[in-house]
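Right, I'll just put the structure down here and ask away after.
The values are calculated or read from the model by the stated rules, or taken from the named source; none is laboratory data. Being a predicted model, the structure only gives us computed values, none of them experimental. No Cβ is skipped: glycine too gets one built from the backbone with ideal geometry, and neighbour counts run over all protein chains shown.
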């Protein structure tokens, strides 16, 4: 049930770098040669589509095609790809060679059985990754935050800077919106109730709901999709809301006068290979390729998601780093979203959340 | 032989849909087997892709995967948890509200449309159908923008000093309005034939004989239009039961419908047991609605008329008495002249404005220079259209949609065409039952069909293939195509075939030289209608798609979940244009037939 495991660090930087530069690149070329010899000419990758997919095309897919000669076909998967992924493995119809899954998806799939091909990552591949950003079957490459945003104009004297303040409707009056899903929302409710971030899990569900109950009638809009959240912020439909970092950043870059508060949780998207995938060899090479610092930096230039490779920041301008969740300054306000807990508890908590909403 | 239809009729009354299917089976067996043979392929298709999957769904709803075999625990759970009871109640009440409003608003429009000339009617219909042509997603996001607290409606309300302009969204009322917006055109289209088929001479005869206007309306027009209008209302109710996109985006905290709950259970929690139970509940609710409507209005027309003519006539008699005693509560539109005559027209035009206005607001947003959707937009760029044309994903999705649409159109025209061909020449109760069998896909909300077919296709590793979506769409297209083709074959003069045979034409010659050329415009119209149904369909694509290539509505859905950019509106405008052109093709085909064909 581990979605992340601490990476072992090599004793000296020099060894690590030389391993990366030498055998890493050689490994990639060798894997590509083997794949071509087996008649594999393309990889099919299921990602989340839209803007992130465009960023991945420029940072990962196209350079990978150039270096290996293996074509990358990207297709968008469903908003919640777990059902599709399960079905694909169970029916052994490998329409995808790789799938972009977040830690919660991975936890839910691992809860149900064996769906993933091991990645065979070497310590060298993962030496520079932040803690918890990979496991034996999953490698994270894109971090987003569940955080707070408010309309700058609605709070001329400064808006809330923490979740207890977000809950304080007397001190910070305004139209609020929250995500209509228990995952992450319950965590925010606990933070608002004064639970310290390092004591969040296992979630005290009763306490979370009673905290949420205090705010419930003050929430005007329960948003249900990232796009809706962006639209609400862009069109000034709400004064303050929880949000996803890259979506909020998109609103800000589009010119919406929104202030972002780096306080909340972080979730990591990464790659998984379905069990029994006939092109697993070259898919593994692709996963290792996406762990590279230069590729992750390029990705973070096109979309405001945080790289998992710390060295990526050495390729990025400080202004760009400032809007990324994994930049040290921002990252310290964020707590890891415990996907494993949700993998075990999603069913009954989701049901209780529905009941709570309809009360 | 005489007992057979009687029994079939009884079965239909007792067990509803299944009984009707059984009746249709008997229909096929009892009649001249050869003439019923063409019905078989379509019928088998219905069995394989609708009946068996539905049975499978019922099975998984009463079969606990964890426990020991048979159990009604899922249904018990549904009724034990107050929240779910609430959802059930909300779904029924929202669907009822939508039905009442769509039928109530649609009725005067249908009355008005029936009085128009063929040409004017077609133009008015085109405007009424406009909301149908826009992507369901774009439509919903348009509401978010137009009714937002900084939107044009709120601004107008502020200007007029009406309070509440900042809280138009996310409540029961706006949910129902947004649903009626989609259901109203459907209601009008479905009830129109019942209105146009009322003979005008009948009304003038009544006038000549001195009937008062109230009597003419309530005792003649209303009863004659009642059955068709009730069927249209039923269709609206059945469709409303399965809504899930609009409530997700526009409803408030309390406005959760069963369709959303199904998506949550299947897509998010992988709880097939409970999800199937919810689907069964929707089907049951629909079945009860069908049975009630049939009991009250005798939808199929299969029951012998008794005494005064049944319940519905009694109702209209009562209404006539009420309206006469109410004096001036008289619809005056059946007589020419006078201000009252303009009332339904005015009423209809305001409804048309209600239907067209949001679309007129949407289209300019495709040409905006802003990076996000705003109203009013700053016009002046084709950037979003170029982005669509340049993006291989969007283009591939468009081609997939075209392919799937063509496949579904071809298959449904063949299957429904063969059935319509033989049913058109049959008459009596058995033919009615045959017709009903082909209408069954309309009685099950698409979300339930999609859910049921999911397990069928999963067993054959067909999920995420174009074929699965195509077959799913074919099922949805069949009733539409069947209705169009049946009307076509019914108006065909079968004596032409006999005449040709007498003159020595062989069967194949009659088919290729006489029947097909005459019937061709109807076939074209049926194919285009099927293509349109498939081209804009999202639910099936959502469940059964998700493979290498997605259809256009699915691609739009995926995009909508992440970001709403003017690109989406641009795509929607392209789709609207394509659909409009096809619609014109279909209309032309039908007009030419009316002008040139027999009947």
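Go through A:259, A:308 for me and flag whichever is touching a residue at least 24 places away in the same chain (Cβ under 8 Å) and under 24 Å from residue A:96 (Cβ atoms).
On the way: A:259 fails: under 24 Å from residue A:96 (Cβ atoms).
After applying the criteria, what remains is A:308.
While we're on this one: Check every one of the helices (runs of 4 or more DSSP H) wholly within the range B:137-218 and list those with 3 or more residues that are touching a helix residue (DSSP H, G or I) at 6+ places or on another chain (Cβ under 6 Å), crowded, with 18+ Cβ neighbours inside 10 Å and away from chain A (no Cβ under 14 Å). Let's see the steps before the verdict.
Details: elements: B:152-159, B:172-196, B:200-208.
In the range B:137-218, B:172-196 are the helices (runs of 4 or more DSSP H) which contain 3 or more residues that are touching a helix residue (DSSP H, G or I) at 6+ places or on another chain (Cβ under 6 Å), crowded, with 18+ Cβ neighbours inside 10 Å and away from chain A (no Cβ under 14 Å).
Scan the range A:253-277 for residues that are assigned to a strand (DSSP E or B) and within 30 Å of residue A:93 (Cβ to Cβ) and jot them down. Outline the logic, then answer.
As a first pass, look at the range A:253-277 and keep what is assigned to a strand (DSSP E or B): A:258-272, A:274.
Of everything in the range A:253-277, those that are assigned to a strand (DSSP E or B) and within 30 Å of residue A:93 (Cβ to Cβ) turn out to be A:267, A:268, A:269, A:270, A:271, A:272, A:274.
Give the number of residues within the range B:453-484 that are modelled with pLDDT under 90, in contact with a helix residue (DSSP H, G or I) (Cβ under 7 Å, 6 or more places away or on another chain) and more than 14 Å from every other protein chain (Cβ to nearest Cβ).
Residues that pass the stated criteria total 2.
Within the range B:369-382, identify whether any single residue is surrounded by 19 or more Cβ atoms within 10 Å (Cβ to Cβ) and either farther than 25 Å from residue A:252 by Cβ or more than 14 Å from chain A (Cβ to nearest Cβ) (or both), and answer yes or no.
no
Please state which of the following conditions residue B:512 fails to meet, knowing it meets all the rest: (1) farther than 30 Å from residue B:361 by Cα; (2) away from every other protein chain (no Cβ under 14 Å); (3) part of a helix (DSSP H, G or I); (4) at pLDDT below 85.
Only one criterion in (1) farther than 30 Å from residue B:361 by Cα; (2) away from every other protein chain (no Cβ under 14 Å); (3) part of a helix (DSSP H, G or I); (4) at pLDDT below 85 is unmet by residue B:512, namely (4).
Just a yes or no: is a residue in the range A:204-223 part of a helix (DSSP H, G or I) and either within 30 Å of residue A:31 (Cα to Cα) or in contact with a strand residue (DSSP E or B) (Cβ under 6 Å, 6 or more places away or on another chain) (or both)? So that I can check it myself, show each step before the final result.
Step one: of the range A:204-223, the residues part of a helix (DSSP H, G or I) are A:205-216.
Restricting the remaining residues to those that are either within 30 Å of residue A:31 (Cα to Cα) or in contact with a strand residue (DSSP E or B) (Cβ under 6 Å, 6 or more places away or on another chain) (or both) gives none.
Scanning the range A:204-223, I find no residue that is part of a helix (DSSP H, G or I) and either within 30 Å of residue A:31 (Cα to Cα) or in contact with a strand residue (DSSP E or B) (Cβ under 6 Å, 6 or more places away or on another chain) (or both), so the answer is no.
Looking only at the range A:172-218, count every residue that is within 9 Å of chain B (Cβ to nearest Cβ) and either at positive phi or buried (at least 22 other Cβ atoms within 10 Å of the Cβ) (or both) and tell me the total.
Qualifying residue count for the region: 0.
Of the conditions (1) touching a strand residue (DSSP E or B) at 6+ places or on another chain (Cβ under 9 Å); (2) assigned to a helix (DSSP H, G or I); (3) modelled with pLDDT under 95, residue A:250 satisfies every one except a single condition; which number is it?
(1)
Determine, yes or no, whether residue B:15 is within 26 Å of the chain's Cα centre (by Cα), modelled with pLDDT under 70 and surrounded by 15 or more Cβ atoms within 10 Å (Cβ to Cβ).
Numbers: within 26 Å of the chain's Cα centre (by Cα): yes; modelled with pLDDT under 70: yes; surrounded by 15 or more Cβ atoms within 10 Å (Cβ to Cβ): yes.
Taking the combined requirement at face value, the residue satisfies it.
Name the single residue that is farthest from the other protein chains (Cβ to nearest Cβ) among those in the range B:539-563 being at pLDDT below 70 and assigned to a loop (DSSP other than H, G, I, E, B). Spell out the reasoning first.
Applying the first criterion (at pLDDT below 70) to the range B:539-563 yields B:546-549, B:561-563.
Subsequent filtering for residues that are assigned to a loop (DSSP other than H, G, I, E, B) retains B:546-549, B:563.
Numbers: B:546: 5, B:547: 5, B:548: 6, B:549: 7, B:563: 5 Å.
Here the answer is B:549.
Condition (residue is in a helix (DSSP H, G or I), more than 19 Å from residue B:576 (Cβ to Cβ) and either away from chain A (no Cβ under 14 Å) or in contact (Cβ under 8 Å) with a residue 60 or more places away in the chain (or both)) applied to the range B:383-391: is it met by at least one residue? If you could, list the steps in order and put the result at the bottom.
First, pick out the residues of the range B:383-391 that are in a helix (DSSP H, G or I): B:383-390.
Those left that are additionally more than 19 Å from residue B:576 (Cβ to Cβ): B:390.
This time we only want the ones that are either away from chain A (no Cβ under 14 Å) or in contact (Cβ under 8 Å) with a residue 60 or more places away in the chain (or both), so: none.
No; the residues of the range B:383-391 include none that is in a helix (DSSP H, G or I), more than 19 Å from residue B:576 (Cβ to Cβ) and either away from chain A (no Cβ under 14 Å) or in contact (Cβ under 8 Å) with a residue 60 or more places away in the chain (or both).
Criterion first (under 26 Å from residue A:31 (Cβ atoms) and within 13 Å of chain B (Cβ to nearest Cβ)) does residue A:86 satisfy it?
Working: under 26 Å from residue A:31 (Cβ atoms): no; within 13 Å of chain B (Cβ to nearest Cβ): yes.
In short, no.
Name the residues in the range A:46-73 that are within 11 Å of another protein chain (Cβ to nearest Cβ), in contact (Cβ under 8 Å) with a residue 40 or more places away in the chain and either in a strand (DSSP E or B) or farther than 17 Å from residue B:558 by Cα (or both), would you?
Within the range A:46-73, the first condition is being within 11 Å of another protein chain (Cβ to nearest Cβ), and the residues that meet it are A:46-54, A:57, A:73.
Still in the list and also in contact (Cβ under 8 Å) with a residue 40 or more places away in the chain: A:46-48, A:51-52, A:54.
Scanning the range A:46-73 gives A:46, A:47.
Residues B:252, B:275, B:259: which one is within 14 Å of chain A (Cβ to nearest Cβ), in a helix (DSSP H, G or I), more than 22 Å from the chain's Cα centre (by Cα) and touching a residue at least 40 places away in the same chain (Cβ under 8 Å)? Don't jump to the end; show me each part of the working.
Working: B:252 fails: in a helix (DSSP H, G or I); B:259 fails: more than 22 Å from the chain's Cα centre (by Cα).
Unique residue meeting the criteria: B:275.
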